[in-house]
Amino acid sequence: MFSSASTNGLVTTSKYRLAVVATALASLSSLPRVILAPHPTPIDTLTRLRAALGPACPSLYMKRDDLLSFGMGGNKVRKLQTVLAEAVAAGTDTLITCGGLQSNHCRATAAAGAALGLRVILVVNGVRQERPTSNALLDQLFGADVRYASSREERAAMMDSVAEEERAAGRRPCVIPLGASTPIGAAGFALGIQEVLVAGLRPDVIVHSTSSGGTQAGLIAGCALFGLKTRIIGISADESSTALSAVVRDIVEGMAGLLGGSHASLGADRDVVVDDRFVGEGYGIPTKGSREALTLVARHEGIVLDPVYTAKAMAGLIERIRRDSFPVGESVLFWHTGGQVGLFA
Ligand SMILES: Cc1ncc(COP(=O)(O)O)c(C=O)c1O
């Protein structure tokens, strides 16, 4: 269900800034995309969850990218649409990417390769499962060739050597960095903000899970380009706030180069807020807070989060609500970035 929320104003701008923004917006809108799923995704109003969280709870909405109808959905679908358009135009026949054993990004890439008729090689850190589960099972189903690295640190070099082997065999590989979190991938995500505006919502705050940085960079740039002052709060799934905010800032700056806008027009002058207090024992390990968030959302809204990205992000939002940190009348949009198959790992 969707109803429009209280609003903050559009950013006021000079004529020069408008022209710069218009240039970047035009580049953004004309970026080639492979359409993997129809958009927009729905925006739900979380009425029962709001009531359960008490009087300090702001108006709560959820952007349902978990419902993107391709390859089990999630935020990677948006990023891959622009990344793969570029790869296909360059004549790629083999996609190479990396992630953890249960990576949502690897699964989405495997699905995209299947849909586009491209070979997919996944470099994952972890041990081969005798009976693959959740994303690993889907990687196999989509026909990806999975190679195992013994650590995260090894993945990038292993992708390069796999690409080298592919070239030597006469193929045209494309290496997609972790999470497709490149400027062009983030640009694919920025267009999601247009969907929010078209739905009549101008949230004061967006809260979401952040890990390789592309989603957050896309949201920051999208808000800047579409004239929203919305505060973006990324809840880290693994990295420290200092490290991840630097990664996000670099991607936003890369987007300025890609789209031809000034750094400010893409939001590179805005604060990058990454909250790393909800990681717990580490990447991929649920916490007490994430379990509570998963259960609360399931039991009050009938919506399924995943245990290690979106549930940690929701735990971060709930903690802020309980601390009464949103001024009266504010609206918060929680961006559901998918990953629910992780429940069946
Ligand atoms: C379900 C889910 N949510 C959020 C994220 C974080 O997105 P990003 O890597 O763009 O920061 C990921 C990425 O791994 C994910 O799989």
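Values for this structure:
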read-out	value
Search result, residues across the range 159-213 that are within 12 Å of the ligand (Cβ to nearest atom), part of a strand (DSSP E or B) and hydrophobic (A, V, I, L, M, F, W, C)	V207
Filtered residues of the range 327-342 (kept if more than 9 Å from the ligand (Cβ to nearest atom) and buried (at least 19 other Cβ atoms within 10 Å of the Cβ))	S331, V332, L333, F334, V341
Qualifying residue in the range 8-22 (condition: modelled with pLDDT of 95 or more and either over 30 Å from A149 (Cα atoms) or open to solvent by 10 Å² or more (accessible area, probe 1.4 Å) (or both))	no
Qualifying residue in the range 243-260 (condition: away from the ligand (no atom under 16 Å from the Cβ) and free of Cβ contacts under 8 Å to residues at least 12 places away in the same chain)	no
Options G338, G342, G329, G282: the member that is on the phi > 0 side of the Ramachandran plot and either part of a strand (DSSP E or B) or under 16 Å from the mean Cα position of the chain (by Cα) (or both)	G338
Of the criteria (1) touching a residue at least 24 places away in the same chain (Cβ under 8 Å); (2) within 25 Å of A112 (Cα to Cα); (3) away from the ligand (no atom under 13 Å from the Cβ), which one S240 fails	(2)
Conditions (1) in contact with a helix residue (DSSP H, G or I) (Cβ under 9 Å, 6 or more places away or on another chain); (2) under 16 Å from H208 (Cα atoms): number failed by R320	(1)
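One line per residue, one yes/no per condition, for (1) open to solvent by less than 10 Å² (accessible area, probe 1.4 Å); (2) modelled with pLDDT under 95; (3) among the basic types (K, R):
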residue	(1), (2), (3)
G143	no, no, no
R152	no, no, yes
I176	yes, no, no
A186	yes, no, no
V205	yes, no, no
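The values are calculated or read from the model by the stated rules, or taken from the named source; none is laboratory data. Note that the coordinates shown come from a computational prediction; the quantities given were computed from them, not determined experimentally. Because the Cβ atoms are built from the backbone with ideal geometry, glycine has one as well, and the counts that use them run over all protein chains shown. For accessibility, only protein heavy atoms count, side chains too; no ligands or nucleic acids. Shrake-Rupley method; radii C 1.70, N 1.55, O 1.52, S 1.80 Å.
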